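Quick notes on the structure that follows.
What follows draws every value from the coordinates through simple rules; no lab data is involved. Predicted model, so just to flag it, every value in this text is computed and none were measured. For neighbour counting, all protein chains shown are included, and Cβ atoms are generated from backbone atoms with ideal geometry for every residue, glycine included.
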Amino acid sequence: MSIQFDVVVIGGGPGGYIAAIRAAQLGFKVACIDEWKNAKGGAAPGGTCTNVGCIPSKALLQSSEHFEHAGHSFADHGIEVQGLKLDLVQMLKRKETIIKQNNDGILYLFKKNKVNFFHGRGAFVAAVDGGYEISVTGVNSENITGKHIIVATGSNARALPGTPFDEELILSNTGALDINAVPKKLGVIGAGVIGLEMGSVWRRLGSEVTVLEALPAFLGAVDDQIAKEALKLFTKQGLAINLGVKIGKITSGKKNVTVEYTDAKGAEQKAEFDKLIISIGRTPNTIGLNAEAIGLQLDERGFVAVDGDCKTNLANVWAVGDVVRGPMLAHKAEEEGVAVAERIAGQHGHVNFNTVPWVIYTSPEIAWVGRTEQQLKADGVAYKAGTFPFMANGRARALGDTSGMVKFLADAVTDEILGVHIIGPMASELISEAVVAMEFKASAEDIARICHAHPSLSEATKEAALAVDKRALNF
Ligand code: FAD
Ligand code: NAI
């Protein structure tokens, strides 16, 4: 007889492990199955985010930023650095330590919350009396049954057709976070979030980075004014960003890889790289789930089909995170995980997709919430805009990090905040104030009248809110 659980979560990434913990907090008997292994074959829950995504990329972004500062901007502060040297082995080791701390932290949280962890691959066997039977194959091998199932199996990097990842020369995010010698020439296909973050890491460490992007516009989802500023700043930093290219043949040699492409002017080009990162988006992961066994419906793009509440076509089967529609973001996956656990408990879990923030952790960082100016125009919404440059912010000057701005978009009639867009230092932290404000349907005036600490970067947020009514005080 297989062990019976109230809730079985398949996948231990941000969507799955958070759903499991919340369900356990609500008093359910919970199992979470995750197959990720560390180098020693041990359990490594946390999914893409912890193992080859959010966490290791931010570790390397931080380390590489320190390296760049030590080499370039410390002198400005009157700090002389002699004999600056990169110890890439130590940098990668630090990243691995941080990953392990996160893996272990999740295992500890499972224990604390009495979540039963199964290390292996979960697959549907059949619908049975009392729920669904799931087989676990791996370190733990047994069959378990869940009354409710939450599918949180995440996503995988999308390969270019005919060019599989070998993680030696042609790298997905996994290989891009584990290059063991700084490539002299690094190619990046796709100027999206991964391309820009990973391109920044390796450029700071000394690579000559060429980014090849299919679309003619740079960062199409970002507010136009912010995207324009970002392109200017990244180009100045040395990222060679080529827009509107059409990728042709990609040929791997022994030590390098050649990319043939047509540039925006229609000219045929050929470039040779020591490593090539392909970051052209991600695809939902339902490999090995055996969704067919129970008739779980996928949509035409391979995502598990769900409604607004993360319900699938089957009673008591739910799906959250990257494997369902919506932005592929860890915090979106987590919010869905919590909401589903609460719905299972008969509560009214809720995710407000209009206030999910986005952050690109380049330098400067880019962060936004709500609608862009081009979206408001397209939607025919009458709006007011206010911007404030970090150049006019005292804390940014003291930090030596004055590039970028905060931009507010508010309804022309009601003054309700419709979008906030930031490019600049600590944009990832500053955006939270805008998210809170939008959740509470605040007006720009509300932010403009709140006392912000001085000197702080957050004063730029207040000033941009003031600028909506053309009353910025420091610009
Ligand atoms: P995942 O994290 O992919 O977890 C799914 C888990 O399920 C995995 O552990 C997988 O092994 C397991 N699994 C799959 N199938 C089975 C099965 N059949 N049985 C058992 N286990 C299974 N998002 C942000 O919000 N901020 C960031 O800064 C950020 N940075 C990123 C950087 C990179 C390089 C990448 C690639 C992504 C980044 N993301 C970031 C996106 C973020 O990682 C994802 O949105 C998030 O991990 C999705 O969570 P999830 O739980 O849906 O899936
Ligand atoms: P992306 O969707 O951000 O960017 C992909 C880019 O590749 C797009 O600009 C697209 O136009 C381009 N592209 C697609 N096909 C192409 C082709 N054939 N040739 C050239 N260019 C092509 O995807 P990315 O960067 O792979 O990241 C995947 C997802 O992971 C992100 O969308 C995001 O959800 C998540 N992520 C989030 C991060 C964060 O929150 N800071 C960091 C990294 C990833």
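Partner lysines whose Cα lies under 26 Å from the Cα of residue 462, excluding those fewer than 8 positions away in the same chain, are identified as 228, 232, 377, 384, 407, 441, 470. Here the scattering of the chain is modelled by Debye summation over its C-alpha atoms, one equal scatterer each and no solvent; at q = 0.11 Å⁻¹ the log10 of I(q)/I(0) is -1.01.
Taking the chain as a whole, the Cys residues whose C-beta sits 4.7 Å or farther from every other Cys C-beta are 32, 310, 451.
Normalising the average separation of contacting C-alpha pairs (under 8 angstrom, six or more residues apart) by the number of residues puts the relative contact order of the chain at 14 percent. Here the extension length gained between residue 80 and residue 254 equals 58.5 nm, from 0.36 nm per residue of separation less the Cα-Cα distance. For residue 236 and residue 316, the FRET efficiency from 1/(1 + (r/R0)^6), where r spans their Cβ atoms and R0 equals 60 Å, is about 0.65. Look at where the Cα atoms of the range 45-77 and of the range 418-463 average out, and the two centres are 25 Å apart.
What size of dipole, in debye to the nearest 20, comes out for the chain about its Cα centre when the only charges are +1 on Lys and Arg C-beta atoms and -1 on Asp and Glu C-beta atoms?
Values: 47 positive and 53 negative charges, 159 e Å.
In debye, rounded to 20, the chain gives about 760.
For residue 127 and residue 243, calculate 0.36 nm times their separation in residues minus their Cα-Cα distance, and state this gained length in nm to one decimal. Kindly include the intermediate steps, with their values, before the conclusion.
Details: separation 116, 0.36 × 116 = 41.76 nm, distance 4.94 nm.
Stretched out fully, the residue 127 to residue 243 stretch lengthens by 36.8 nm.
Using C-alpha pairs under 8 Å with a sequence gap of at least 6, the mean separation divided by the residue count of the range 175-256 gives a relative contact order of 30 percent.
Dividing the convex hull volume of the Cα atoms of the range 355-467 by its residue count, what figure in Å³ per residue is obtained? Please list the in-between numbers first.
Working: hull volume 9.7 nm³, N = 113.
For the range 355-467, the hull spanned by Cα atoms encloses 86 Å³ per residue.
Computing FRET efficiency as 1/(1 + (r/R0)^6) for residue 2 and residue 348, where r is the C-beta to C-beta distance and R0 is 30 Å, gives about 0.40.
Taking a Cβ cut-off of under 14 Å around residue 203, the surrounding Lys, Arg, Asp and Glu residues balance to a net charge of 0, with basic ones at +1 and acidic ones at -1. As a rough guide to protection, the peptides 256-266, 184-194 ranked by mean Cβ packing within 10 Å, highest first, stand as 184-194, 256-266.
Fewest-first ordering of 135, 279 by other beta carbons within 10 Å of each residue's beta carbon gives 135, 279. 3J(HN,Hα) along the range 442-450: 6, 9, 4, 4, 4, 5, 4, 9, 8 Hz, from the Karplus curve 6.51 cos²θ - 1.76 cosθ + 1.60 with θ = phi - 60°, whole Hz, x for Gly and Pro.
Relative contact order for the range 355-467: what is it in percent, counting Cα pairs under 8 Å that are at least 6 residues apart?
On the way: 251 pairs, mean separation 35.0, N = 113.
Averaging sequence separation for qualifying contacts and normalising by length gives 31 percent for the range 355-467.
Legend: ranking of residues 144, 278, 33 from fewest to most surrounding C-beta atoms inside 10 Å; resulting order 144, 278, 33. Under 14 Å from the Cβ of residue 132, count the other residues' Cβ atoms, weight Lys and Arg +1, Asp and Glu -1, and hand me the total. Residues close to residue 132 contribute a combined charge of -3.
Once the chain from residue 114 to residue 398 is taken as fully extended at 0.36 nm per residue, the excess over their C-alpha distance is 97.5 nm. With the cut-off at under 20 Å, measuring from each backbone N in the range 391-418 to a point 7 Å along the Cα-to-Cβ line of residue 72 picks out 391-392, 396-405.
Direction-averaged shadow area of the convex hull around the Cα atoms of the range 362-420, nm²?
Details: hull surface 18.2 nm².
With the hull built on Cα positions only, its mean projection is 4.6 nm².
Please report the net charge: other residues with Cβ closer than 9 Å to the Cβ of residue 184, K and R +1, D and E -1. Walk me through the numbers before you get to the answer.
Numbers: positive: 185; negative: 208, 274.
Result for the local shell: -1.
The label point for residue 446 and the one for residue 159, both projected 7 Å from the Cα toward the Cβ, are 4.9 nm apart.
The residues 411, 34, when put in order of fewest to most other Cβ atoms within 10 Å, stand as 411, 34.
Modelled label positions at residue 140 and residue 65, each set 7 Å beyond Cα in the direction of Cβ, lie 3.7 nm from each other. For the range 170-280, the square roots of the Cα gyration tensor eigenvalues, ordered a ≥ b ≥ c, give a/c of at least 1.5 with a/b no greater than b/c, which places it in the oblate category.
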